[in-house]
Amino acid sequence: MNIQALDQELLSLFEKRVELSQMGYDHKNYDDVEEALHDLEDDFNDKYGDYLEGILSDIHKEYCPESDVLLPTAYLAKSFKIAADGSIEVGKNAGVEIELEEDPAASAKLLLLPTPVRIVLQVGKNKKIVWKAEA
């Protein structure tokens with residue numbers, strides 16, 4: 001797996017989501033940007049879906065066996081902002097809600113993030129990297 005290409009395409013998805021999130025529904029280019037985003041998501045899932053779904057399946061087995069594995073793009077934040085230092089800040093509603101095996105009542109989510117490509121388990125305000133791509 002070419003991790004650098006995966007990271008670059010994941011970053012492109014994030015950038016397109018940033019572009020879309022900065023537009024209102026009434027923006028003249030909203031529909032075009034939204035369509036371009038959906039095309040990017042489809043291409044990403046076609047190209048990396050099997051690879052990432054295998055990883056996500058392993059993570060689900062370990063942390064949340066009762067939760068279904070979804071397409072990789074479902075684990076991306078819908079909205080976020082890029083901080084001054086270049087890091088990505090995701091909203092509190094980002095990621096896929098899961099039922100954590102060790103604490104089913106906990107508010108837990110899984111997120112797929114770029115640079116480096118990683119999957120983060122967020123439980124409340126605590127974050128833990130549960131998988132990180134090795135170049």
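The values are calculated or read from the model by the stated rules, or taken from the named source; none is laboratory data. Given the structure is predicted, the values throughout are model-derived calculations rather than measurements. All Cβ positions, even for glycine, are placed from backbone atoms using ideal geometry, and neighbour counts span all protein chains on display. For the accessible areas, the whole protein counts, side chains as well, though only heavy atoms, and no ligand, DNA or RNA atoms are used. Shrake-Rupley method; radii C 1.70, N 1.55, O 1.52, S 1.80 Å.
In the P(r) worked out for the chain, what percent of Cα pairs fall beyond 19 Å?
That fraction is 51 percent.
So what J values fall out for the range 120-132 if you push phi through Karplus, 6.51 cos²θ - 1.76 cosθ + 1.60 with θ = phi - 60°, rounded to Hz, Gly and Pro as x?
3J(HN,Hα) across the range 120-132, in whole Hz: 10, 9, 10, 10, x, 8, 8, 10, 9, 6, 9, 7, 9.
What residues qualify as long-range amide H neighbours of Met23, i.e. H under 5 Å apart, gap of 5 or more or another chain, H built at 1.01 Å from N?
none
Of Asn29, Leu100, Pro72, which is farthest towards the positive pole of the chain's charge dipole, taken about the Cα centre with +1 and -1 on the beta-carbons of Lys, Arg and Asp, Glu respectively?
Leu100
In nm, give the distance between the simple-model label positions of Ala105 and Ala74, each being 7 Å from the Cα along the Cα-to-Cβ direction.
Reported label-point gap for Ala105 and Ala74 is 2.6 nm.
In what sequence, largest accessible area first, do Lys109, Lys28 appear using a 1.4 Å probe?
My answer, sorted largest first, is Lys28, Lys109.
In whole percent, and with a 1.4 Å probe on the protein chains, what portion of the accessible area of the chain is carbon and sulfur?
45 percent
Stretched out fully, how many nm does the piece from Lys47 to Met23 gain, at 0.36 nm a residue minus the Cα gap?
Net length gain for the segment: 5.8 nm.
From largest accessible area down, sort Thr73, Thr115; use a 1.4 Å probe on the protein chains.
Thr115, Thr73
With every protein chain kept in the model, how would you rank Leu112, Leu71 by accessible area, 1.4 Å probe, largest at the top? It would help to have the intermediate numbers written out before the result.
On the way: Leu112 5, Leu71 95 Å².
Correct descending sequence by accessible area is Leu71, Leu112.
My understanding is that a pair violates if its Cα-Cα distance is over 27 Å; which of Lys78/Lys132; Lys47/Lys78; Lys61/Lys125; Lys28/Lys132; Lys47/Lys109; Lys16/Lys109 do that in this structure?
Result: Lys28/Lys132 exceed 27 Å.
When the Karplus curve 6.51 cos²θ - 1.76 cosθ + 1.60 is applied with θ = phi - 60°, which whole-Hz ³J(HN,Hα) does each residue of the range 63-78 get, with x for Gly and Pro?
For the range 63-78, the Karplus curve yields 10, 8, x, 7, 9, 6, 7, 10, 4, x, 5, 5, 8, 7, 5, 7 Hz.
So what J values fall out for the range 10-16 if you push phi through Karplus, 6.51 cos²θ - 1.76 cosθ + 1.60 with θ = phi - 60°, rounded to Hz, Gly and Pro as x?
Those phi angles translate into 5, 5, 4, 4, 4, 4, 5 Hz.
What accessible area per residue, rounded to a whole number of Å², is obtained for the chain using a probe radius of 1.4 Å?
Numbers: 8190 Å² over 135 residues.
Computed with neighbouring chains in place, this is 61 Å² per residue.
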